[in-house]
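Trainee: Here it is: the structure, laid out below.
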Amino acid sequence: MKVFNTIAEIQAARWENPRLSWGLVPTMGYLHQGHLSLVEKASLDNERVIATIFVNPTQFAEGEDLSSYPRNLERDLSLLEKAGCDFVFVPQDREMYPAGFQTAVSVNVITKNLEGASRPTHFGGVATVVSKLFNITQPTRAYFGQKDAQQTIVLKQLVQDLNFNLELIVCPTVREADGLAMSSRNAYLSEAERTQAPILNQALNAAKSKILAGESDAEQIRQLIKQTIETQPLAKIDYVSVANGHSLEELTQIEKGDLLLSTAVFFGKTRLIDNLPISL
Ligand code: AMP
């Protein structure tokens, strides 16, 4: 496995043998099995796999956890090698955003609610850095996790709108044994918070059961999710959403088609997200 810090090195490797298929897995590091599942899938589908590790400053707002975001490069590289990765791109901030950088990619509408409502500058940063990574690595396929459901929809729109010549592949959320979605941010949780955190997944599953049993009032479903999460004293809800699975517009009536149940919950300063897609 080769580790590169510069765009020039990555591009040289990419064009050494242009016919090979490349799978790209962008990450912010502090890897867990969720990230590795993307690498494993990419290595099944492609002749070469490239992972990137970059804590992208432009997708963090003032006061968010950019400076405290967990990092362990040595461990990440060893996990990536075992998972079948061929190249790792680990740029410094100035390699991605050199002096004089002044361009931003913005995806409208789909970025306004849910995560975008709580983090208004987040998806602009994501769309910009992912566009750069697509241009730098020119992947055949790019892999993203369902864990960040809205991000996958935003990036599908980006690929379509800007004609990126690649296939975007969404991989299922990998969970701990108790249902908590794996996340680098789980490392921030105290023991008491960690014990209560699986409530996100439990609440979404309870809602899914209620929908499958015939409940069609979306507000009832939102209330059920809220009340279930609020059984845990350390949980402070940011939002609960029962939305159309494509437009992410909030529903009043549950209808046939694709839905997305999603929530963001604070445990202390740690903000956890989870979601459950449902096809009716
Ligand atoms: P991050 O390092 O948090 O930016 O995540 C990098 C990629 O890994 C994104 O596409 C995430 O959606 C994906 N990812 C993070 N956690 C999980 C998980 N538990 N299961 C599947 N994919 C995940």
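Taken together, the values in this text are just the output of simple stated rules run on the coordinates, not laboratory data. Keep in mind that this is a model prediction, so the values were computed, not measured. Positions of Cβ are backbone-derived with ideal geometry, glycine not excepted, and every protein chain shown enters the neighbour counts.
Trainee: Among (1) part of a helix (DSSP H, G or I); (2) surrounded by 23 or more Cβ atoms within 10 Å (Cβ to Cβ), there is one condition residue 43 misses while meeting the rest; what is its number?
Mentor: Just one mismatch for residue 43, condition (2).
Trainee: Being exposed (fewer than 14 other Cβ atoms within 10 Å of the Cβ), in contact (Cβ under 8 Å) with a residue 60 or more places away in the chain and on the phi < 0 side of the Ramachandran plot is the filter here; which residues of region 257-280 pass it?
Mentor: 269, 280
Trainee: Taking into account only those residues within region 67-79 that are out of contact with any Leu (no Cβ under 7 Å at 6 or more places or on another chain) and surrounded by 15 or more Cβ atoms within 10 Å (Cβ to Cβ), which is farthest from residue 12 (Cα to Cα)? Even if it seems obvious, please write down each step before you answer.
Mentor: Going residue by residue through region 67-79, those that are out of contact with any Leu (no Cβ under 7 Å at 6 or more places or on another chain) are 67-75, 77-78.
Then drop every residue that is not surrounded by 15 or more Cβ atoms within 10 Å (Cβ to Cβ), which leaves 69, 77.
Values: 69: 30, 77: 21 Å.
If we take residues in region 67-79 being out of contact with any Leu (no Cβ under 7 Å at 6 or more places or on another chain) and surrounded by 15 or more Cβ atoms within 10 Å (Cβ to Cβ), then 69 is farthest from residue 12 (Cα to Cα).
Trainee: Let me ask another. Search region 122-146 for residues being surrounded by fewer than 20 Cβ atoms within 10 Å (Cβ to Cβ) and more than 19 Å from residue 105 (Cα to Cα), and hand back the single one that is farthest from the chain's Cα centre (by Cα).
Mentor: Out of the qualifying residues, it is 140.
Trainee: If you don't mind, there's one more thing I want to ask. For residues that are more than 16 Å from the ligand (Cβ to nearest atom) and in contact (Cβ under 8 Å) with a residue 12 or more places away in the chain, tally how many sit in region 167-201. Reasoning before the result, please.
Mentor: Start the filter on region 167-201 by keeping residues that are more than 16 Å from the ligand (Cβ to nearest atom), which leaves 190-193, 195-196, 199.
Filter again for in contact (Cβ under 8 Å) with a residue 12 or more places away in the chain, leaving 190, 192-193, 196, 199.
Final tally of qualifying residues: 5.
Trainee: Also: Can you pull out every residue in region 50-103 that is of a type in the set (S, T, N, Q) and in a helix (DSSP H, G or I)? Before you say what the answer is, go through the steps one by one.
Mentor: Looking only at region 50-103, we keep the residues that are of a type in the set (S, T, N, Q), and these are 52, 56, 58-59, 67-68, 72, 78, 92, 102-103.
Scanning region 50-103 gives 58, 59, 78.
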